[in-house]
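Peer 1: Mind having a look at this structure? Questions to follow.
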Amino acid sequence: MDTAAFNAFCATLPHSTHVVQWGGADVWKVGGKVFAIAGWNDGAGLSVSFKVTPIGFEILSDAEGCRPAPYLASRGMTWIQATDIADADLMDHVRASYDIIARALPKKTQRELGLLKG
């Protein structure tokens with residue numbers, strides 16, 4: 001997946017917003033909270049960082065094409081950086097990250113964004 005395809009995919013997620021920050025990284029947010037970052041790599045193709053569950057972090061930390069996300073995992077956060085995984089897998093992980101972040105938003109924000117009924 002290239003940066004354009006990554007950005008196009010993230011743009012399809014409801015209420016997602018895009019900013020370029022942190023040295024030119026493509027940062028995707030929902031409700032003002034980051035769910036995916038494209039950038040921060042060692043110069044080898046597209047790298048994408050995303051939030052995972054604690055169990056997902058344990059599994060993906062040693063998986064081929066993945067590692068604990070620089071800057072984030074070192075601060076105790078469960079973020080993975082993928083540099084070489086299948087596009088479909090990457091999209092699944094980014095969608096799951098979006099869901100984790102959206103569910104953690106305050107209920108009021110979830111309601112305002114239409115993510116929570118009631």
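Peer 1: If I fit a long axis through the Cα atoms of helix 87-104 and take the longest principal axis of the Cα atoms of the chain, what angle between them do I get, 0 to 90°, rounded to 10?
Peer 2: On a 0 to 90 degree scale, this one is about 40.
Peer 1: Would you grab the residues whose amide H sits under 5 Å from the one on Leu116? Only those 5+ places off in sequence or on another chain, please, with H modelled 1.01 Å from N.
Peer 2: Long-range HN contacts for Leu116: Arg111.
Peer 1: Just need the relative contact order of the stretch 40-118 here, percent rounded to a whole number, with Cα pairs under 8 Å and 6+ apart.
Peer 2: Values: 87 pairs, mean separation 22.3, N = 79.
About 28 percent, as a whole number.
Peer 1: Also, I was wondering about something else. Which is farthest toward the positive dipole end of the stretch 36-118 among Ile101, Ala38, Ser74, measuring Cα position about the Cα centre, with Cβ charges +1 (Lys, Arg) and -1 (Asp, Glu)?
Peer 2: With unit charges placed on the Cβ atoms, the residue in question is Ile101.
Peer 1: Still on this model: If you place +1 on the Cβ of every Lys and Arg, -1 on the Cβ of every Asp and Glu, and leave all else neutral, what size is the dipole of the chain about its Cα centre, to the nearest 20 Debye? Kindly include the intermediate steps, with their values, before the conclusion.
Peer 2: Details: 11 positive and 12 negative charges, 188 e Å.
So the dipole magnitude of the chain works out to roughly 900 debye.
Peer 1: So for the chain, Kirkwood radius off the Cα pairs, Stokes-Einstein at 37 °C and 0.692 mPa s: how many µm² s⁻¹?
Peer 2: After rounding, the answer is 228 µm²/s.
Peer 1: Once phi is turned into θ = phi - 60°, what whole-Hz ³J(HN,Hα) does the Karplus curve with 6.51, -1.76 and 1.60 give for every residue of the stretch 19-35, x standing for Gly and Pro?
Peer 2: Karplus values, whole Hz, x for Gly and Pro: 9, 10, 8, 6, x, x, 6, 7, 10, 10, 10, 10, x, x, 10, 5, 10.
Peer 1: Write down the accessible area per residue of the stretch 1-53 in Å², having rolled a 1.4 Å probe over the full set of protein chains.
Peer 2: Heavy-atom accessible area per residue stands at 45 Å².
Peer 1: If you roll a 1.4 Å probe over the chain with all protein chains in place, what percent of the accessible area is carbon or sulfur?
Peer 2: Numbers: 3590 of 6440 Å².
The nonpolar share, carbon plus sulfur, comes to 56 percent.
The values are calculated or read from the model by the stated rules, or taken from the named source; none is laboratory data. Treat the numbers as computed from the prediction; the structure is a model and nothing was measured. Virtual Cβ from ideal backbone geometry, glycine too; neighbours counted across all protein chains shown. These accessible areas exclude ligands, DNA and RNA; they are computed on the full protein's heavy atoms, side chains included. Shrake-Rupley method; radii C 1.70, N 1.55, O 1.52, S 1.80 Å.
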